[in-house]
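Written out below as C-alpha cells is the structure these notes cover.
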Amino acid sequence: MGKASILIAGSSHPELAKEISSLVNLPLFPVQINRFPDGELRVQLSGEVAGKQVFIVQSLGKLPNELLIETLLLVDALRRGAAAHIVLVCPYLAYSRQNVQEDGGVSVAARLFADFLELAGVNQLITMDLHAELVKSFYDFPVEHVHANPLFVQAVEELKIDTSELVVVGPDLGSAKLVAKLSRELHAPLALIEKRRHDAHKVTMLSLMGEVKGKIVLLADDVCSTAGTLTSAANVCQGKGAKSIYAVVSHGLFVEEALERIVQSPIERLYVTDSVKLDSQVLSCPKIHVVSVANTFASALTCQKERFL
C-alpha cells in the first residue's frame, strides 16, 4: 500500500475532524469507541494501520481527563497495530497552564501529560496556541505549534476599525507574548493588565500598564474558561475610558458562568476559534463570533503527509 496516511477522529470534536478530513482528502478511518457499564472505555480499530502514518484529531477541552484516556487508548491501539508514525492533532492541549511548580508539593501537569503521550507511542504533536512556549520543551518528539493570530487579524480587518485608534490589551502578564505578536501584526500599541489570582475561580485586577482612554480596545488571550479574567479586564478598560472593547480568544472553554459574564460585560464582540467543540448556547450568543481553524490544521497535515511519502 506504500507510505499512506490515514485520519482518525476522537470523540471530542467530530465536526472539526470532518472538516479537516475533507480539506486534506483523507476519509475518516473507522474506529469503535465503546464504554463498559462501569464507565471504562474500549477502543478498537476497524481496519489495518500497519506501516501507515496516522493522524488522530482530538481536542482535549471540556472533559480533559476522560479525553486523555481515550487518546492514550487510541494511540496504544495504533501502536499495537504497527502504525509507522502517530501524529496527535490536538487543537487545544489541556493541562498546558500547569507548566511550572509555583509552590512545593504542586504537580507540573504539563510535563506529566507529555510523558503520558510519549510512553503511549505518540511520535509527533500538532497543536495551537500553547499557554506557554515552555511546554514544547517537555516533549522529546517534534511539536508543531500553529497560531490563531492570522485568523484574528483577518477578523479585525473585516471590522474596518481605524487602527490608529486601536490598542491590543493583555488581560494578564502571562499573555504578554501573544499580545505583543498580535499588536505587531495589527500595527497597534499594546497594554497589559496585572492581576492576582487567589484560586481557580477568583482573580483581582491590580493595575493597567498602557493607555486606553478614547481607544478601541482589543483584548487577547489564549484561553477563556470562566471568563472571569477576560470580563474583569474589560471592566478595567471601560473604567479607564476605552471607547469600545472587542476580544479574541484562541480556545473557548466557556464553563460555569462564562456566557452570563460575557453578555453582561462591556465586550461588544468576542472572536473565538472552534479549537474546542462549542455548544449551542455559545453558538447562539450574539456577542460571540466563531472563526474556523480547519484550514490552519489542514495545511499542517498536508505538509506532514508530503514529508511522510
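The values are calculated or read from the model by the stated rules, or taken from the named source; none is laboratory data. All figures in this text were calculated on a predicted structure; none of them were measured in a lab. Note that we place each Cβ from the backbone using ideal geometry, even for glycine, and neighbour counts take in every protein chain shown.
Out of the residues in segment 78-131 meeting the condition of being on the phi > 0 side of the Ramachandran plot and touching a Leu at 6+ places or on another chain (Cβ under 9 Å), tell me which one is modelled with the lowest pLDDT.
The initial filter retains those residues of segment 78-131 that are on the phi > 0 side of the Ramachandran plot, namely 82, 95, 105, 121, 129.
From what's left, touching a Leu at 6+ places or on another chain (Cβ under 9 Å): 95, 121, 129.
Numbers: Tyr95: 93, Gly121: 97, Asp129: 96.
The residue in question is Tyr95.
Results for (1) surrounded by fewer than 20 Cβ atoms within 10 Å (Cβ to Cβ); (2) in contact with a Pro (Cβ under 8 Å, 6 or more places away or on another chain); (3) charged (D, E, K, R), shown as yes or no for each residue.
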residue: Ala4; (1), (2), (3): yes, no, no
residue: Ser22; (1), (2), (3): yes, no, no
residue: Asp38; (1), (2), (3): yes, no, yes
residue: Phe55; (1), (2), (3): no, no, no
residue: Pro64; (1), (2), (3): yes, no, no
residue: Leu68; (1), (2), (3): yes, no, no
residue: Leu78; (1), (2), (3): no, no, no
residue: Val89; (1), (2), (3): no, no, no
residue: Gly104; (1), (2), (3): yes, no, no
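What number of residues in segment 249-273 are surrounded by fewer than 22 Cβ atoms within 10 Å (Cβ to Cβ) and touching a His at 6+ places or on another chain (Cβ under 9 Å)?
2
Within the set of pairs 6+ apart or on separate chains, which have a first residue in segment 154-167 that is touching a residue at least 40 places away in the same chain (Cβ under 8 Å), a second that is of a type outside the set (A, V, I, L, M, F, W, C), and C-beta atoms under 6 Å apart?
So the pair list comes out as Ala155/Tyr271; Glu165/Lys215; Val167/Pro189; Val167/Lys215.
Residues of segment 30-62 being within 18 Å of Phe116 (Cβ to Cβ), part of a loop (DSSP other than H, G, I, E, B) and without any contact (Cβ under 8 Å) to a residue 40 or more places away in the chain, which ones?
Glu40 - this is the single residue of segment 30-62 that is within 18 Å of Phe116 (Cβ to Cβ), part of a loop (DSSP other than H, G, I, E, B) and without any contact (Cβ under 8 Å) to a residue 40 or more places away in the chain.
Okay, residues lined up against (1) surrounded by fewer than 21 Cβ atoms within 10 Å (Cβ to Cβ); (2) touching a helix residue (DSSP H, G or I) at 6+ places or on another chain (Cβ under 7 Å); (3) farther than 18 Å from Ser11 by Cβ:
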{"residue": "Val75", "(1), (2), (3)": "no, yes, no"}
{"residue": "Ala82", "(1), (2), (3)": "yes, no, yes"}
{"residue": "Ala94", "(1), (2), (3)": "no, yes, no"}
{"residue": "Ala109", "(1), (2), (3)": "yes, no, yes"}
{"residue": "Glu133", "(1), (2), (3)": "yes, no, yes"}
{"residue": "Phe138", "(1), (2), (3)": "yes, yes, yes"}
{"residue": "Glu144", "(1), (2), (3)": "yes, yes, yes"}
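From the set of residues in segment 215-244 that are touching a Leu at 6+ places or on another chain (Cβ under 7 Å) and within 11 Å of Pro266 (Cα to Cα), which is surrounded by the fewest Cβ atoms within 10 Å (Cβ to Cβ)?
Only one residue tops the list, namely Val236.
Grab the helices (runs of 4 or more DSSP H) fully contained in segment 215-309, keeping just those with 1 or more residues being of a type in the set (D, E, K, R) and in contact (Cβ under 8 Å) with a residue 12 or more places away in the chain. Explain how you work it out, then say what you get.
Working: elements: 228-239, 258-264, 280-283, 294-308.
Output list reads 258-264, 294-308.
Considering segment 173-187 alone, what residues qualify as being over 17 Å from the mean Cα position of the chain (by Cα) and surrounded by 21 or more Cβ atoms within 10 Å (Cβ to Cβ)?
Correct list: Leu186 only.
Inspect all residues belonging to segment 116-123 and state whether any of them is out of contact with any Phe, Trp or Tyr (no Cβ under 6 Å at 6 or more places or on another chain), within 22 Å of His251 (Cα to Cα) and touching a residue at least 12 places away in the same chain (Cβ under 8 Å).
Initial filter on segment 116-123 (out of contact with any Phe, Trp or Tyr (no Cβ under 6 Å at 6 or more places or on another chain)): 116-122.
From what's left, within 22 Å of His251 (Cα to Cα): 117.
Next, from what is left, pick out any that are touching a residue at least 12 places away in the same chain (Cβ under 8 Å): 117.
Yes, that holds for at least one residue.
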